[in-house]
Structure formats: structure tokens, C-alpha cells
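The values are calculated or read from the model by the stated rules, or taken from the named source; none is laboratory data. Bear in mind the structure is a predicted one, so any value in this text is a computation, not a measurement. Cβ: placed from backbone, ideal geometry, glycine included. Neighbour counts: every protein chain shown. Remember, those area values only see protein heavy atoms, side chains included, never the ligands or the DNA or RNA. Shrake-Rupley method; radii C 1.70, N 1.55, O 1.52, S 1.80 Å.
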Amino acid sequence: MALDKETLDLILHQLKEFTKERLTDEVLLGYDERDEFPEELVRAIGSDELGVQLLFVPEEYDGMGGGAFDVYRVCEAMGHIDVGIATGVLATFLGSDPIVFGGTPEQKKKWLGRIAEDGVLFAYGATEPQAGSDLASLRSTATRVEEDGQIVGYRLSGDKQWISNGGYAQVYTFLANAPGGPSWFVIERGAEGLSHGKPEDKHGIRLSNTSTVTCEDVYVPADQLVGLEEGKGLLQAQLVFGYTRVMVAAFGLGAGWAALDRAIPYSLERIQKGGPLSEKQGYTHKLIVPHAVALEAGRAFIEETAERLERGEGEGGKLNTEGAIGKYLATEAGYAAADAAIQALGGYGYTREYMVEKIKRDVRITRIYEGTSEIMEMTISRDRWQQHLKTRGQYYHDRARELEALHGRQPSVGANVAALALHALAGVLEQARVKRLTRHQHVQLRLGELIAYAEGAGALARRAARSSEGSLDERTDHRFSGEGLAAVSRVYARHAAQRVADEGLRWVCAADGVSPSELAGFEDALGLQAIHAAQAGTLTDMDRVADVLYDRA
């Protein structure tokens, strides 16, 4: 499933015009101050007025059948506007995902058709007060109701917490333990025994509604068991992660750029010591350029994952780790960019009158929901650790050699330095195996971080190469292209290689220490001298990135 470029551009244009007319900074700041869910606006976005909901619904159920790449572009645009409103829209599609991935054709027609035709809001009832993100610790129950030996329905009981749209949804998907195992059920608003708590008083995304949802002996007919088979709930939940994590990654990407898109014009107008801040390297190369580069690394990985999802490679949850890497890179970069934007605006940025303060509070949630950054690190580490073991340490060396071949075709995109990062990563993982370092959970998390950096460098080099060749997906964002994108890639590759080598060395030494001779050998194995030498040209490339950013501004 995928839209053509013209259709996607039309959706993005309509969303931009809607924002200009009805979602100005003044309006958004007002809702934030009042801690108010803009129900009318959220429903307008997901109804006939704007029709964004059609993007997420397959054509056979009266939707537009947008693909993962289309969803990423629209979610980035939504995140650029407001992560709280984006969360309200996301909740409907997260809430309907158990039906999309596990429902019968009749269930899909009924419930997805209601999204397409009526713009109904969904809520996704998975997280519980005691279990958090650990769905295997589920406590909610589904008791069979039988008549004449036939199951005619279920009675649901349990509490859910942190439920987006919890107080406004018309339809809820609810995960509960049935006799056959964890299962998803569909509940309609107004069902006897269904209730929600007061809105949570949140740090950020105050334009979203978040509440508890409680079922007290709520009856649902048997045909509202998703898939009509018990025990498939955890599998159905796992199937959506590659997709939904791309959506949240795009929110982080959009919010990070929203922050920088306010800091850049400010620096053109703010005069300090005889000139604008935009001309001062100490400002641009600390507060703007590194964050733009990190955001584009996130974009590169998101786009690769989205393209693979559209090709059907994600069946059975096969791209869950890729979704985790994209989410980790983009949301961590988005938060760091928002923090830097506050610093970039100085005292103004620290006040609630300026949007960057709100953006930072909002984008923080992207590092928490749909799996915390720590869960992403563990997910990444566990999967790639298994790949390292299965290939006897060759997994990342092989990927590095692919980038070395790319460097032979496209020598300007930093693929050779990204290859150094991957070779170094392979060395770090092998030392972790030899020293049995993965028995330390913190080391597992740090390995997940380094893996994300190194794979992000590879994705960005490939994206820069495709840009030079003119083979990028025509639906892509072109904030950077050609030589500008190549400079971005070179800067990030150097950073990733240095980070992998330095931090990898640190954690290899952190448990039991190493002798001087072991340390020297390990530094050689990591290619530390080559990585240091590859830093040459960093300042020039940062200048080039700044030139692109400020020409745009």
C-alpha cells in the first residue's frame, strides 16, 4: 500500500493550511496553559473536514490505503505542529491496530469502516498500573459467558492506565486474559461497567487526553473478540511495533525540527557583539548543526524501515528491531534538539510564551510511550547480540564491507567512516562476548545505544548516496539533498565512529579492567587511530551544513 506523490503532497498541503488557520502558536499555547483537550480540532483532523484518518485505513474498507512511508511523512508533519494533537490522532490508529493485524474480514469492515466513514476516535487499552509496558504481566481478565455449551460473550474486568483518548474515545480495544490466554476485545463507549478517570495532569502533551480506563464486569458479545480466537493478543500487539514505532519516531523527528525551525530564524535576528548569532560558529556548531545532523540520521533510518515495511518485509514482527532503532534515534535527537533550542533562545526560550519551551515538554513523551528509550536499547541489544553470536562475530563486519563497497561508488558520503563505526562495533561486541559483559544489564543498554548510532550512520550514508544518484523515494523530505546531505552524512559518521570506539572502550574496561597491553591491542582492533584520523574535515563539513540551514532560513 502506498500513495502517489501528488496525493501525499496534497494531504501535507491541506494539513499545513489547516494549521495556519486553526492551530497557530497562540491557539496551541492557550490550550496548553488551560490543559485542555481540543476535541473539536482533533475530530476535524480525523473526519471529513481534513480526512487524515483515511490515510491509515486500507482502500477495501473505504480508506486511502497509505503505506508506512506516507504515514511517516504525515506523522512528522503532525509532530511538527503539536505532539499532543498528534497523540490524539495516533491513539485511534494504535487502538485499531489489533483489528488491522488480527481481526476477521467482517471485524475489519465494521470497525475500520467506522473510522473511515464517521471519524470515530479509538483508544488502545494495553498498559496497566502495575505492569507498565510489560504486557506479559497482564492482570485484566475476560471470563467466558456460555449458553447451551456455546460461548456467547465475555465479561471484562481490569484497570488500564495512561490511555490516550481514554476520556473521549467512542471505541476501545482492551487487552485481557481469557481462558485461552491474552486476547483483544472491542468495547463501545456506553457499555455498562465501562468508565474512565479524570484527565492526567501531565508534564507535556497537554493537548492530548490521557486517563485511566476501567472495566467492571463489562459484557461484550463473542464476535467482539478480535480474530475470534483466544490467546493471540500478545502476538497481535507485537505485530504492530515496527509500524507504530515508526509513527512515534516521526513525531520526535517533527518536533525536533519544529524546535530548530524556531531557533534558526531567531539567530538571524538576534544581534550579539556586532553581528547576528547565526554568524557565530560557537552558536551554530553547538546548538543547531549537531542536532540537525542527528535528526537527519533518524530520518534516514525511519525511511529505510518504512520502505521495507511497504515491501512487506515486516510480516510477523520481523522489523520490530528496526522500528526500535528508528524510534530511538529520532526521539532522542528530537528531545536534544528541543533542549538546545531553549538554550539557543536564552531567557526567552525558558518562558512559556515561546513555543520551544512547550515543544521540549511535549517531545519528552516520545522517549516514553510505545516503549521507553531503555526498552528500545534492550530490544536493539538483544536482537543484534543474537546476530553477532549466530555469525561468529561477522554480522557487523559484513555490513561494514557493504559500506566500503558503497564508498567505492560514492566516495563523498562518508560510507567509509560509517564502515569504521561498524567494524569498531563488531570489535566491541566480541570483547563483550569474551568478557561476558552482557551479564551486566547496563552494558546491554549501552550496547543498544552504540548499535543504534552505528546503524544510523550506515542508513544516512546510504540515503546520501541515493540522493546523489537521484534514486530517493519521490515522497521523501528534501530539507537536505546532494552535497548538503553528503556533508550531513560525513559529520554523523565521524561522530558515530568516535562514539562507538570511545564508549565501547569505556565499557569493556568498566567491569574488570584490562592490562596496558590488552588495552593497546583492543584500541588497534577497534581501528581507533583510523577513526581519529577520519575526524579531519569535520569543521568544514559543519560549516557546509550551517550554510544549507541558513540559506533555507
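Pull out a ≥ b ≥ c, the square roots of the eigenvalues of the alpha-carbon gyration tensor of region 80-207, then state rounded if a/c is under 1.5, prolate if not and a/b is larger than b/c, and oblate in the remaining case.
Values: a/c = 1.98, a/b = 1.37, b/c = 1.45.
It comes out oblate by the Cα gyration axes.
State the three equivalent ellipsoid semi-axes of region 193-285, derived from the C-alpha gyration tensor as the square roots of 5 times its eigenvalues, in descending order and whole Å. Walk me through the numbers on the way to the answer.
On the way: eigenvalues 477, 72, 13 Å².
For region 193-285, the ellipsoid semi-axes come out as 49, 19, 8 Å.
Order 207-218, 324-335 from most to least packed using the mean count of other Cβ atoms within 10 Å. All intermediate terms of the calculation are to be shown ahead of the outcome.
Working: 207-218: 22.2, 324-335: 30.4.
Those peptides, ordered most packed to least, come out 324-335, 207-218.
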Completion exercise
Residues whose built amide H sits under 5 Å from the amide H of residue 123, excluding neighbours closer than 5 in sequence, are 171, 172, 173
Practice task
Express the carbon and sulfur contribution to the solvent-accessible surface of region 120-194 as a percent, rounded to the nearest whole number, probe 1.4 angstrom.
Solution key: 40
Completion exercise
In order over region 358-372: 3J(HN,Hα) from phi, Karplus 6.51/-1.76/1.60, θ = phi - 60°, whole Hz, x for each Gly or Pro, gives 5, 4, 5, 5, 6, 5, 4, 5, 5, 8, 10, 7, 6, x, 5
Problem - Derived scalar couplings ³J(HN,Hα) [region 161-175; Karplus, 6.51 cos²θ - 1.76 cosθ + 1.60; whole Hz; x for Gly, Pro] - result: 10, 6, 9, 5, 6, x, x, 10, 5, 9, 9, 10, 9, 10, 8
Problem - Listed peptides 15-26, 343-354 by packing density, highest first (mean Cβ within 10 Å) - result: 343-354, 15-26
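For each pair in 202/358; 108/327; 327/360, compute the distance between the two Cα atoms and list the pairs where it is over 20 Å.
Details: 202/358 12 Å; 108/327 28 Å; 327/360 17 Å.
Correct reply: 108/327.
Given a 1.4 angstrom probe, what's the average accessible area per residue across the chain, in square angstrom?
Numbers: 22400 Å² over 553 residues.
Here the residues of the chain average 41 Å² of exposed surface.
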Handout entry: When region 260-384 is reduced to its Cα atoms, the Kirkwood hydrodynamic radius in Å
Key = 16.0
Problem - Angle between the chain longest axis and helix 241-269 axis [Cα atoms, degrees, rounded to 10] - result: 60
Problem - Degrees separating the helix 395-409 axis from the principal Cα axis of the chain, which is the longest one - result: 60
Handout entry: Over the chain: helical MRE at 222 nm, DSSP H runs n ≥ 4 each giving -39500 (n - 2.57), nearest 500
Key = -19500 deg cm²/dmol
Handout entry: Which labelled figure in (1) 1.08; (2) 0.99; (3) 0.94 is Rg/Rh (Cα atoms, Kirkwood Rh), once derived from the coordinates
Key = (2)
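Quick check: from the Cα gyration tensor, does region 140-255 come out rounded (a/c under 1.5), prolate or oblate? Spell out each step's value before the answer.
Working: a/c = 2.87, a/b = 1.55, b/c = 1.85.
Verdict is oblate for region 140-255.
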Practice task
Roll a 1.4 angstrom probe over the protein heavy atoms and tell me the percent of accessible area of region 417-490 that is carbon or sulfur.
Solution key: 46
Completion exercise
Largest-first ranking of 9, 62, 512 by accessible area, probe 1.4 Å, whole protein assembly kept, is 512, 62, 9
Practice task
Measure nothing but the geometry: give the 0 to 90° angle between the long axis through the Cα atoms of 373-390 and the longest principal axis through the Cα atoms of the chain, rounded to 10°.
Solution key: 70
Practice task
Please report how far the C-alpha centroid of region 30-59 lies from that of region 317-366, rounded to the nearest whole angstrom.
Solution key: 22
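Probe radius 1.4 Å, ligands and nucleic acids ignored: give me the carbon and sulfur share of the accessible area of region 206-255 as a rounded percent.
Working: 740 of 1440 Å².
Summing carbon and sulfur atoms, their accessible area is 51 percent of the total for region 206-255.
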Handout entry: Length-normalised contact order for the chain - Cα pairs under 8 Å, 6+ apart - percent
Key = 13
Completion exercise
SASA check, residue 440, accessible area w/ 1.4 Å probe, all protein chains in place, rounded to nearest 10 Å², comes out at 70
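Using a/c under 1.5 as the rounded threshold, could you call region 1-140 rounded, prolate or oblate? The axes a ≥ b ≥ c are square roots of the C-alpha gyration tensor eigenvalues, and prolate needs a/b larger than b/c, oblate otherwise.
Working: a/c = 1.91, a/b = 1.13, b/c = 1.69.
It comes out oblate by the Cα gyration axes.
Sort 162, 111 by accessible area with a 1.4 Å probe, largest first.
Details: 162 140, 111 5 Å².
These residues rank, largest area first, as 162, 111.
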